[in-house]
Every structure is written in C-alpha cells, then in structure tokens.
Amino acid sequence: MHLMNSSSLFEQLGGADAVEAAVDRFYRKVLTDDRVSRFFDGVDMDRQRAKQKAFLTMAFGGPHNYTGKDMRDGHAHLLKMGLDDSHVDAIIELLGSTLREMGAGEDLIGQVAAIAESTRNDVLGR
Amino acid sequence: MAAIRYGDRLYELRESESVLDALLRAGVPARHSCKAGSCGSCMMRAVDGAVPAKAQTGLKDSWKARGYFLACVCHPDSDLEVAAAEDDAEVPATITSLDRLADDVLRVRLRCGAPFEFRAGQYVTLVRDCQLARSYSIASLPEEGEIELHVRRIPNGRMSGWLSTEAGAGTPVSLLGPSGECFYVPGREDQPMILVGTGTGLAPLYGIVRDALRNGHRGPIQLFHGAVRRDGLYLHDHLTRLAAAHANLEYTASVLEAPDAGDAVSGPIDQLILRRFPNLDGWRGFLCGDPALVGSLRKKLFLAGIASRDIYADAFLPSAT
Ligand SMILES: Cc1cc2nc3c(=O)[nH]c(=O)nc-3n(C[C@H](O)[C@H](O)[C@H](O)COP(=O)(O)OP(=O)(O)OC[C@H]3O[C@@H](n4cnc5c(N)ncnc54)[C@H](O)[C@@H]3O)c2cc1C
Ligand code: HEM
Ligand code: FES
C-alpha cells in the first residue's frame, strides 16, 4: 500500500480533521451493523475509538507505521471468531457510506476502498 | 530488558512488567490501587531517562513537563531513574467531619493545609499515613472551602473500612491530584446535559450539576441516580428539593430491586434512560460509578447520538492485586 501515491489522497479528503470528523460516524455504523458489530464488543470505548482512528487514517492514505505483519497480528484473534471475506466487504462498504455522507466524491471513495482492499489478505491472515 | 533506578538500588524489569510491578515484586511499598492507569495513585517522577507517552496519558501538562508518570502503565524501553512523587504533588489535609448518608455511604469532609485547585467532579487520591492510596471523586465546589467525598463502605475495604471505623474529625491524611476530565466546562449554556451515576457515582455528578447551575447553564439538566435498593438513594430528598428550585433540572431516581422502589422508578437504569431519551444528538453526557455500567452506557449513549468528545466518564475501578 506504500506504493500508492496516497499522501495527496489524504490531503484531498481533509487530512487529520477528516479522520476526526469521520470516526464517530464510522464507529456508530460498525457498532450497529449486525454483520460486524460482534467483533467490536469490547467495553473500552476509548481504546476502540483510537483504533478506529488508526484504521481510518490508514484507509485515507494518511501517515502510519503499520506493516502487513501488524495487520496479521492485529486481526489474528478475530479470525478465531470467524472473520472472513464477507466482513472485509462489509467494512469497506461502511467506509464508503461514511465518506459519501460526508460529501466525498466517488473517485476518492474508490481510492479509499482500494487501499482497504490492498490489506485484505493480511487482515484475513492469508 | 530495561532497569529502574530507585533510591540507591537497581531493579531489573521482567518481560512486559510495569515499573510498579517490578518495585512491588522487590518489596518496595509503592502506592497503587487500580493498576490500570486510571486512579492516579501510583504517580512517580522520572529523574533521568525517557518515559513512554502512554505512561503520562491523562496527566496535567505541567506534571508531564516535570516528569510525572503512572508507574502501573509504564513499560520503559530503556533504563529509567525514578523517584517518589515529590511533596509538592501532595497536599496535607485534615478530616473535618464524617457522617453517614446511608447505611453504607459516608460523607467525608476535608480541609486542605495548602492551596489545592480543583473542579467539582474531578477526583483526588486520598493517602493514609500507612501510604495506602485510593481515589475519590469530589462532590463539592471550590468556593465551599472544604472538599466533600462520598465513600461507599466495602466489606473488608482497607480505606473505606478505616474511614468508617477508625478515622475521625481531626485525622490527618494527604491528597494527590486532582485528576480527571469529568467536570463542567463553561460555555454552550443551552446544550442539554444528561448525568448518570450509580451508587457513590452520584458524588461527582452532584458537584457537576451544581457547578453547571452556578455557571448559569440554561439547557435542560437530566440527573439520574441508580441504586440497588431504595435506601441507596442517599441524597433523594435533597436532590428532589434542588430540582424543585431549578426549572431546568430534573432528578430521576431508579432502583434495581423493584419491591421497595417507593417513589423511585424501578428497573435497569440504562433501559429507563434510553426509553426516555432515544435520541441524544447534541447532548453532553456524564457517567460515573460501577465500571461495567459506565462502559456499556457509554456505548449506548454514543449510539443514541452523543458525540464521543461530549461524553465524560469515570469508572470507579476497584483496587487490583
Ligand atoms: C477514578 C476513580 C474514582 C473513584 N471515586 C469513588 C467515589 O467517589 N466514591 C467511592 O466510594 N469510591 C470511588 N472509587 C473507588 C475507590 O477508589 C476504592 O476502590 C474503593 O473505595 C474501595 O477501596 P477500599 O480500600 O475500601 O477497598 P479495598 O481494600 O481496595 O478492597 C477490599 C476488597 O473488596 C473488593 N472491592 C473493591 N471495590 C469493590 C466494589 N466496588 N464492589 C465489590 N468489591 C469491591 C476488592 O477487590 C477487595 O477484594 C473511585 C475509583 C476510581 C478509580
Ligand atoms: C479492510 C481492511 C482493514 C484494515 C486496513 C484494518 C485496519 C486496522 C487497524 C489499523 C487497526 C488498529 C490496530 C492496532 O493499532 O492495534 C485495526 C484494529 C481492529 N480491526 Fe481492523 N482493519 C481492516 C478490517 C477489519 C475487519 C473486516 C474487521 C472485523 C469485522 C476488523 C476489526 C478490527 C478490530 C475489532 C480491531 C481492534 C482489535 C483490538 O481491539 O485489538 N478490521 N484494524
Ligand atoms: S493509575 Fe496506577 S494504580 Fe491506578
């Protein structure tokens, strides 16, 4: 994912402010979506919210230090709970609808989806 | 692994061990309570070496600048020289009165022996002469002169039991802090507010509500107090009168065990709140008390529309071994 020219995408979306504006919206969707909510059941909201921000920053093409191995390790416990392609599809869809509600154009939404897509195999431990 | 220098000794850290645990393992009587980075009891000062940012989360900037950190969540990558929190972080205080608000709730009033700035709703760490430290939320306003705490008596509780049976007017203690973000920030006077506390979780809310009223808050203020039994509603009459005196304040008491609800509502407090306020978009929320309830209500209020930056919560974490 570092191969993409992603810093300009991050700027076009509005940078860190866009992440801040998106995080509540996205997190509410995730918690209320029956397909994926059970993966986010932990009670500690502060910690969960910080991770949502990390996820959004990464998907928006922003600066981050996560490696493919981090993505594998970070989601390994979810594989045991049954994480599969359908859940990645759902997260990418919720990401898209969040951005759409915030007024982002389809072109940028497509670029964000592509970044998330590029992590699919790592997230699913393949 | 990194090593800790404290006093004239060196303490080796084991894999994933915190500074606090390393000191305790070696028999150092280091203060602590929650062991979760929440109560502030284990604050120490770094004299030399790099403190990980995580060990300073939530501390005041002025304290961070002086190297203060929480030992229970401090996992340094390199050697660190540490010292006990200095006297300037600790304020001597005297217990002025202790009275019973309910069978198992004590009101503790304290006078500080040195200037101590705080906001109603923040918490202080109370330290006994034996160095036992526990955190309690502040129910009083700064201009009231004394600090008021509401302490629930826990069976075999080392601090709450001592306060109930051994301490008395005139007993000296000391205070660390204050800490916490759970207080009224003036501004946005028309914003509706919801405050939910169970048990002595009412203490900070009692301070915050009066702080908001004193600051001229005009928006509706919904105060909920939940208790297991009717006699746990320890400020019922007082809050009923306070609400009668302020048109924008409404007080709702709820009791979990239905048979003795009396004039309170019975049933789980979270269901009661969400039935009455299914849409909380634009509200400000304060949640204090039982950790499990604070955690789950926080999520539910967020889903009902409160922005996460508008939710202030203090979970009363018990001491950990
Ligand atoms: C930020 C913060 C604010 C707090 N504010 C308040 C406050 O305003 N009022 C207040 O009363 N308390 C408050 N607490 C809790 C308080 O700090 C102590 O944990 C509590 O008073 C018990 O201390 P103790 O020394 O009496 O009991 P301990 O000696 O620590 O505990 C004795 C035994 O009881 C268990 N125990 C402790 N607490 C509970 C519990 N709640 N339910 C069941 N078992 C328990 C312990 O695990 C232990 O086995 C707060 C805690 C935090 C972290
Ligand atoms: C689509 C690609 C995905 C990316 C790029 C991604 C990215 C991330 C990142 C960066 C973190 C934070 C890791 C950390 O700091 O520890 C994280 C955590 C998490 N992700 Fe994902 N994620 C993806 C898909 C998913 C999916 C499909 C699910 C489940 C439906 C999921 C559930 C979680 C959970 C529950 C956490 C928190 C884990 C914890 O509490 O430790 N993720 N993800
Ligand atoms: S913050 Fe370290 S023991 Fe509570």
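Does the stretch A:11-123 classify as rounded, prolate or oblate by the C-alpha gyration tensor (a ≥ b ≥ c root eigenvalues; a/c under 1.5 gives rounded; else a/b over b/c gives prolate, otherwise oblate)?
Working: a/c = 1.45, a/b = 1.31, b/c = 1.11.
Cα axes put the stretch A:11-123 in the rounded bin.
At 0.36 nm per residue, and after removing the present C-alpha to C-alpha distance, how many nm does the segment from residue B:215 to residue B:158 gain when stretched out fully?
Details: separation 57, 0.36 × 57 = 20.52 nm, distance 3.73 nm.
Between residue B:215 and residue B:158, full extension yields an extra 16.8 nm.
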(message) For B:75, A:87, A:77, B:32, which order do you get if you count the other beta carbons within 10 Å of each Cβ and list the fewest first?
(response) A:77, B:75, A:87, B:32
(request) Count, for each residue of B:283-295, the Cβ atoms from other chains sitting within 10 Å of its Cβ, then give me the mean as a whole number. (result) 1
(message) Using a 10 Å cut-off around each Cβ, can you sort B:183, A:26 from fewest to most neighbouring Cβ atoms?
(response) B:183, A:26
(request) Go through the stretch B:47-106 and name the GluC sites (Glu not before Pro) that are in a DSSP coil and have 13 or fewer other Cβ atoms within 10 Å of their Cβ. (result) B:86
(message) Antiparallel versus total DSSP beta bridges in the protein assembly as shown: what percent is that, nearest 5?
(response) 60 percent
(request) Kindly put B:179, B:308, B:62 in sequence by how many other C-beta atoms sit within 10 Å of each C-beta, fewest to most. (result) B:62, B:308, B:179
(message) Give me the extension gain from residue B:66 to residue B:1: residue separation times 0.36 nm, minus the current Cα-Cα distance, reported in nm with one decimal.
(response) 20.9 nm
(request) Taking amide H positions as placed in the peptide plane 1.01 Å from N, state which residues far from residue B:39 in sequence (5 or more) or on other chains have amide H under 5 Å from it. (result) B:34
(request) Identify the trypsin sites (Lys or Arg not before Pro) of the stretch A:1-100 meeting these criteria: DSSP loop state and at most 16 other C-beta atoms within 10 Å of the C-beta. (result) A:35, A:80
(message) Give the residue list of trypsin sites (Lys or Arg not before Pro) in the stretch B:119-162 that are DSSP loop and have at most 14 other beta-carbon atoms within 10 angstrom.
(response) B:158
(message) So if I average 1/r over every pair of distinct C-alpha atoms in the stretch B:193-315 and take the inverse, what Kirkwood radius in Å does that give?
(response) 14.3 Å
(request) For residue A:93 paired with residue B:130, estimate the spin-label separation in nm (one decimal), with each label point 7 Å from Cα along the Cα-to-Cβ line. (result) 6.0 nm
(message) If I take every Cα pair under 8 Å that is 6 or more residues apart in chain A, average their sequence separation and divide by the length, what percent do I get for the relative contact order?
(response) 36 percent
(request) Would you work out the relative contact order for chain B, in percent, from Cα pairs under 8 angstrom that are 6 or more residues apart? (result) 14 percent
(request) Partner chain Cβ atoms within 10 Å, averaged over the residues of B:303-311 - can you pull that number for me? (result) 3
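Would you work out if the protein assembly as shown is rounded, prolate or oblate? Take a ≥ b ≥ c from the square roots of the eigenvalues of the alpha-carbon gyration tensor; rounded if a/c is under 1.5, else prolate when a/b is larger than b/c, oblate otherwise.
It comes out oblate by the Cα gyration axes.
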(request) Determine ³J(HN,Hα), in whole Hz, for all residues of the stretch B:313-321 in sequence, where each value follows from phi through the Karplus function 6.51 cos²θ - 1.76 cosθ + 1.60 and θ = phi - 60°; x replaces Gly and Pro. (result) 9, 10, 8, 7, 5, x, 6, 10, 9
(request) Give me the distance in nm between label points sitting 7 Å out from Cα along the Cα-to-Cβ direction at residue A:73 and residue B:275, one decimal. (result) 4.8 nm
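Read-outs throughout are calculated quantities, based only on the coordinates presented, and are distinct from any laboratory measurement. Quick caveat, the model's predicted, so the values are computed rather than measured. FYI the Cβ positions are ideal-geometry reconstructions off the backbone, even for glycines, and counts take in every protein chain you see.
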